[in-house]
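Chemist: Sharing a structure, written as structure tokens. Questions coming.
The values are calculated or read from the model by the stated rules, or taken from the named source; none is laboratory data. Given the structure is predicted, the values throughout are model-derived calculations rather than measurements. Virtual Cβ from ideal backbone geometry, glycine too; neighbours counted across all protein chains shown.
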């Protein structure tokens, strides 16, 4: 991973916006900058207020860790790692870091994952400064994936595909949505995933159901019956990077119009993929290309983008 590129990219953004110091707590941004993968996906109460990275506009960053996480010292590329001492108030360490970095009263950005207690200590140490939210500063950098990141994303996708290959023959009549979701996560962890990218969905929709704003009104504890589509939205975290597997399967023999709709959507995706690098040179043009194909096929108005949710898609990487 090119962590130096990430640091210089953030510092260039800081220069552009006149920021003197940026601080991130245990979060996707801290993971992206330092290589330290804390359990930020789970309960915030399991994290520690001492796990933070301090990035000056110029010079090297400082990483602080709770004693429970000091094993990460061996993982990170950052040279200046300071393990908080249980006998020393964290505020004293923060004050020392701010002084060592030469930060004078100026502009300080704090990430959303920083604890309130940490933010207060930073405010004391940087008295006279102006403060702003630090989220979003790394977005442009994180959009462009490095080759190593692409490899990790592929690995996560491969594990997810392997899970679905195991799941498919186990989808039988009577299986509930809840048990199917449990199977997804269990098999993913069995194949090496450390977590799910988000709570898995396996939504049942019986053919003939009256359309509504919420399509997933099939009772969660009701068993699967023939003539039901299953909408999967499922992803796994492998080596710190996410996958997102979105597909629909049909249990039973689909009606002709349902089969044609599936084939039309598949055609739209394939044709848009083939057009990348030629007709499509911007990511934002991918979806509109699909829309044109589906309009010709007569299914454009059934896209979720055209209903109230306006759902299109999202980026993916260390988070979804």
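Chemist: Of the residues that make up the range 290-299, is at least one under 29 Å from residue 159 (Cβ atoms) and modelled with pLDDT under 95?
Modeler: Scanning the range 290-299 turns up at least one residue that is under 29 Å from residue 159 (Cβ atoms) and modelled with pLDDT under 95.
Chemist: For the range 239-251, which positions are part of a strand (DSSP E or B) and within 12 Å of the chain's Cα centre (by Cα)?
Modeler: Across the range 239-251, the qualifying residues are 241, 242.
Chemist: Consider the range 148-161. How many of its residues are within 27 Å of residue 218 (Cβ to Cβ) and buried (at least 16 other Cβ atoms within 10 Å of the Cβ)?
Modeler: 1
Chemist: Now, a different point. Within the range 267-290, identify whether any single residue is under 19 Å from residue 248 (Cβ atoms), in a loop (DSSP other than H, G, I, E, B) and in contact with a helix residue (DSSP H, G or I) (Cβ under 6 Å, 6 or more places away or on another chain), and answer yes or no.
Modeler: No, the range 267-290 contains no residue that is under 19 Å from residue 248 (Cβ atoms), in a loop (DSSP other than H, G, I, E, B) and in contact with a helix residue (DSSP H, G or I) (Cβ under 6 Å, 6 or more places away or on another chain).
Chemist: Go through the range 123-147 and give me each residue that's assigned to a helix (DSSP H, G or I) and either in contact with a helix residue (DSSP H, G or I) (Cβ under 9 Å, 6 or more places away or on another chain) or loosely packed, with under 11 Cβ neighbours inside 10 Å (or both).
Modeler: 124, 125, 140, 141, 142, 143, 147
Chemist: For residues that are surrounded by fewer than 19 Cβ atoms within 10 Å (Cβ to Cβ) and farther than 18 Å from residue 196 by Cβ, scanning just the range 39-53, find the one that is modelled with the highest pLDDT.
Modeler: 49
Chemist: Further, regarding this structure: Looking at 155, 104, which is the one that is in contact (Cβ under 8 Å) with a residue 40 or more places away in the chain and under 22 Å from the mean Cα position of the chain (by Cα)?
Modeler: Exactly one of 155, 104 is in contact (Cβ under 8 Å) with a residue 40 or more places away in the chain and under 22 Å from the mean Cα position of the chain (by Cα), namely 155.
Chemist: As an exercise: evaluate residue 212 against (1) free of Cβ contacts under 8 Å to residues at least 12 places away in the same chain; (2) part of a helix (DSSP H, G or I) and give the number of the one condition it does not meet.
Modeler: Against the list (1) free of Cβ contacts under 8 Å to residues at least 12 places away in the same chain; (2) part of a helix (DSSP H, G or I), residue 212 comes up short only on (2).
Chemist: Now for a different question. What's the number of the condition residue 79 fails, among (1) free of Cβ contacts under 8 Å to residues at least 12 places away in the same chain; (2) part of a loop (DSSP other than H, G, I, E, B)?
Modeler: So the condition that residue 79 fails would be (1).
Chemist: Between 217, 230, which is assigned to a strand (DSSP E or B) and either without any contact (Cβ under 8 Å) to a residue 60 or more places away in the chain or surrounded by 14 or more Cβ atoms within 10 Å (Cβ to Cβ) (or both)?
Modeler: Going through 217, 230 in turn, the sole match is 230.
Chemist: Check the range 297-304 and report whether any residue there is crowded, with 17+ Cβ neighbours inside 10 Å, assigned to a loop (DSSP other than H, G, I, E, B) and more than 23 Å from the chain's Cα centre (by Cα).
Modeler: yes
Chemist: Let me ask something additional. Working only within the range 237-259, note down all residues that are touching a helix residue (DSSP H, G or I) at 6+ places or on another chain (Cβ under 8 Å) and either within 27 Å of residue 173 (Cβ to Cβ) or outside the structural domain of residue 203 (by TED's automatic domain parsing) (or both).
Modeler: Hits for the range 237-259 are 245, 247, 248, 249, 250, 254.
Chemist: Can I ask one more? Residues in the range 2-46 that are part of a loop (DSSP other than H, G, I, E, B), within 18 Å of the chain's Cα centre (by Cα) and over 21 Å from residue 101 (Cα atoms): how many?
Modeler: Looking only at that region, the number is 10.
Chemist: Take residue 127 and decide whether it is touching a strand residue (DSSP E or B) at 6+ places or on another chain (Cβ under 8 Å), without any contact (Cβ under 8 Å) to a residue 24 or more places away in the chain, more than 25 Å from residue 39 (Cα to Cα) and assigned by TED's automatic domain parsing to the domain that holds residue 37.
Modeler: Taking the combined requirement at face value, the residue does not satisfy it.
Chemist: While we're here: Is one or more of the residues making up the range 75-83 assigned by TED's automatic domain parsing to the domain that holds residue 117 and closer than 20 Å to residue 237 by Cα?
Modeler: Let us first name the residues in the range 75-83 that are assigned by TED's automatic domain parsing to the domain that holds residue 117, namely 75-83.
Narrowing further to those that are closer than 20 Å to residue 237 by Cα: 75-76.
Checked the range 75-83: at least one residue is assigned by TED's automatic domain parsing to the domain that holds residue 117 and closer than 20 Å to residue 237 by Cα.
Chemist: Has the range 176-191 got any residue that is at pLDDT 95 or above and not in a helix (DSSP H, G or I)?
Modeler: Within the range 176-191, one or more residues are at pLDDT 95 or above and not in a helix (DSSP H, G or I).
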